[in-house]
Each structure stands twice: as C-alpha cells, then as structure tokens.
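Here's the structure we're looking at; comments come further down.
The values are calculated or read from the model by the stated rules, or taken from the named source; none is laboratory data. Because the structure is a prediction, the values reported are computed rather than measured. Here the Cβ is made from the backbone with ideal geometry for all residues, glycine too, and neighbour counts use every protein chain on show.
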Amino acid sequence: MMSEETFPLPQNEMQRLLNLSELDLDYSELFEEFKDLAMLAAKIAGTDISLINLIDSYTTWTISGYGLDIQQVPREESLCQYTILGEPQFEVSDLTKDQRFENKDFTKPPMSLRYYLGVPLTGPEGYQIGSLCVVHTQPKHMSPEKIEMLKIIANQVINRIQTYRAINELKGQLKNANVTKSKVAHDIRGPLAGIIGLSDIIVQQGNENKLDEVLEFIQLIHKSSKSLLELADEILTEDQQNKKLAQNEVNLRVFKCKLEDLYGGQAKNKNINLEIEVIEGNTLWAFPKNKLLQITGNLISNAIKFTPENGRVKVELSLIEQKDQHLLDLKISDTGVGISAEALKHLEEGSNSSTKGTSGEKGYGFGLELVKHLVKGLGGFLDIYNVVGSGACFNVKIPFQKQAF
C-alpha cells in the first residue's frame, strides 16, 4: 500500500471543487468541442498523446483527447493530479526513473508511457480545475517556447469552457421564456373560452329579442375573443410540436443513461455491480440538470470507493409530482462498510476528514462536503444513514418548480 504522500491535494481543494461544480459541465458531451485543441497540443509538443482533463473529487475526466481513447481514470492513478498543485507546469522526462510512477501500469506494455508534461487549466478566479497534458512513449524534454504555446492552448480551453457555459445559460433562459409563453397561453385560453361561450348565449338571446345595437358589440367581442383563442391554441400547438429536451434539461430516462455511461466503467474496474433504476415518475418529464451530475456522480463514486469487490451499488431515481412542485428523489446505497459514527459527526460538522476505501484508495475528504453544499444551494435535503445488514445510504431530495415541466 502506498503512503499518503503519494496522493497530493491542492491547499484550496474545497474552493477548487466548488469552482468546477459551478461550471456544471456534462463531461460526456464535450469531446467535439475541444478535439481540435487536443490535436493542436500534440502537434506542437511532438507527442503521441494529448489529453484535456478535468479533475473532481474522485475522478480525472478526459473531456477530449488525441492519440488515446480514454474517458476517465481514478484520481489517485492519474498523473494530472500533480499538475493542479499550484505550479506553472509539471514535467517528468522519464516516468520509469521517477519512484512515484515507475511501477504504474501506464509505464508498462501495452501503453509503455515515458514522458509527461501537464499545464494547469486555470479559470478566471485562479483555481486549477484540470490539466492540458501531453504524453509520449519516449523520454524527452520540452523547450520553454513550446511550453508557452501549450499554456496558450490551455487558456483557450478555459475560454471555450466559459463560452460553452454562457451558451447553455442563454438556452436555459430561452427555455424559461418558452415555458412562460406556454403558461400565458394556458392562462388566457380558459377565460377566453368562457367569454366566447357567454357571447354565444347573448347572441342567441339578442336575435330572439331583436337587440341590434347590443348584438353589434357582442359580435365584436365574440370575434376578438375567438381570434385570441386561436392565437393561444397556435402557441400551445407550436409548443407541443417543439417539445424536446433543452441543453440544460434531462428526464429520468436520459439521466439514467448518462449515469450508466459515466460511472459504469468505475464500477466494472472494481468488479462492482452498479444498478440504476427508475422507481417512480414519468420517464419523459423534463427537469433541470443543474448540478445533478455533480451531486449524483460524487455519491456514486463514494459508494464505489467504499464497496468491496463483487459488491453492489444501487441508484434509485424518482420524480414525484406534488401539489405545487415536483420532487426529484435520489437514493444511492451500497453493500460496503457503512458509515462510522465518527464519520457521520464529521459530515454534520462540515469537516473534511476522510478514510481509506476498500482497496486502500485515499479518501479525498471533500466529495461529500461538496454534495452537501450543492444540495443546499438547490433548496434540497440530504439524509445519510446506515442500512441494517448492508452499507450506507445517501438520500437526496431536490424540489423543482412545477412550471419548469
């Protein structure tokens, strides 16, 4: 088992994770957005491989790359965890001659990696949320000029991330405008239908009593109301025809597939059965995915970490319709060692204490604290408890405004 020093942490780790979570990125959707920058980095560096990585509590996520088909690695096994410690870059000329990496699988066939250079992806607030790295199968050393060029590319990655986020926010605002449009159409349709019905009755009465002047005004009301009703129907018909998920939305079906895609590999690598089920709710109801992947992903990674080989991690998804709102109910349970009274106390007090996982993985100590912060920010609730005869269970409940559907 490796020593604690093998797994470094930035001094501002909690703030760094909060900064990354605020970007609210879906790591599975970004490959095409950044593949040109990844290829350019490899060409400039003269290396076989280049990767653009974002690093959260438990995982190093490759959002795009060149020369290596990879989506994620456990954070403690990644080279890029050393790149985000505050230095301008991190370079290892020969990985087999560095005691930190000489026995790692990536230095052995079939990968046989020798060289690594990472430059941090530093956001406007100064937090290093990830790394642009170049990797080669032969030892080498990068010139200062090429390193500066790679830093320019890293800055461009950050610029694109910021642009991507801004576009998604605009799409969310447009979606809200469309929801408001639909609501207004619904709200005016009922009263208008009533006015038209009433005017029909008055017209009939007027014809029988020969009230020509009254009839003229009533017919004008009838005509105007009918035109507005047709407009409301047109708006609603258009809204139904264009009913599809916006960029910032998911439904239970899509959410389930995303979680399987993102975290199935982690479970498989540890021989853990990851079960994700929809328990309750219309699978096609749309709801905002704001911070949900960060919340659920951290809890799944934590459960995998503390579940022994051949164990089970179960994720239950429910979307419950209530009188004034919808409630997203998430349960993540495992067959691991459970949560000690001391650990529960640390979580309640907000301290960042952590323990090792079932295979000796280092506990980074910030993942669950981040989840607490994000859930609270969404107006939700987090309940943590042990299941008798099993492991731990994390129950997250997040309310959504009904009009968002």
message: Looking at region 31-43, can you tell me whether even one residue there is surrounded by 22 or more Cβ atoms within 10 Å (Cβ to Cβ) and among the basic types (K, R)?
response: no
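For every residue, the table says whether it meets (1) modelled with pLDDT of 95 or more; (2) touching a strand residue (DSSP E or B) at 6+ places or on another chain (Cβ under 6 Å).
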{"residue": "I49", "(1), (2)": "yes, yes"}
{"residue": "I63", "(1), (2)": "yes, yes"}
{"residue": "I70", "(1), (2)": "no, yes"}
{"residue": "P74", "(1), (2)": "no, no"}
query: Identify, please: which residue in region 88-103 is in a loop (DSSP other than H, G, I, E, B) and charged (D, E, K, R) and is, among those, farthest from P139 (Cα to Cα)?
result: R100
- prompt: Of the residues K402, K397, which single one is out of contact with any Cys (no Cβ under 8 Å at 6 or more places or on another chain) and at pLDDT below 90?
  reply: K402
message: For region 110-146: of the residues being in contact with a His (Cβ under 8 Å, 6 or more places away or on another chain) and not in a strand (DSSP E or B), which is surrounded by the most Cβ atoms within 10 Å (Cβ to Cβ)?
response: L113
task: Exactly one condition in (1) in contact with a helix residue (DSSP H, G or I) (Cβ under 6 Å, 6 or more places away or on another chain); (2) within 24 Å of Q11 (Cβ to Cβ) is not met by G86; state its number.
output: (1)
query: From the residues in region 140-162 that are of a type in the set (V, I, T) and without any contact (Cβ under 8 Å) to a residue 60 or more places away in the chain, which one is farthest from S21 (Cα to Cα)?
result: I147
message: Take E33 and tell me if it is charged (D, E, K, R), part of a strand (DSSP E or B) and in contact (Cβ under 8 Å) with a residue 40 or more places away in the chain.
response: no
query: Being modelled with pLDDT of 75 or more and not assigned by TED's automatic domain parsing to the domain that holds L9, is that true of even one residue in region 359-366?
result: yes
task: List every residue pair whose Cβ atoms lie under 6 Å apart, where the two residues are 6 or more positions apart in sequence or sit on different chains, the first residue falls within region 271-287 and is on the phi > 0 side of the Ramachandran plot, and the second residue, located anywhere, is at pLDDT 90 or above and surrounded by 13 or more Cβ atoms within 10 Å (Cβ to Cβ).
output: G281/L252; G281/S318; G281/L319
field: Close pairs (6 angstrom Cβ cut-off, 6 or more residues apart or separate chains): assigned by TED's automatic domain parsing to the domain that holds S340 and within 12 Å of V337 (Cβ to Cβ) in region 381-393, part of a loop (DSSP other than H, G, I, E, B) and at pLDDT below 90 anywhere
entry: N386/G338; N386/I339; G391/G336; G391/G338; A392/G338; A392/I339
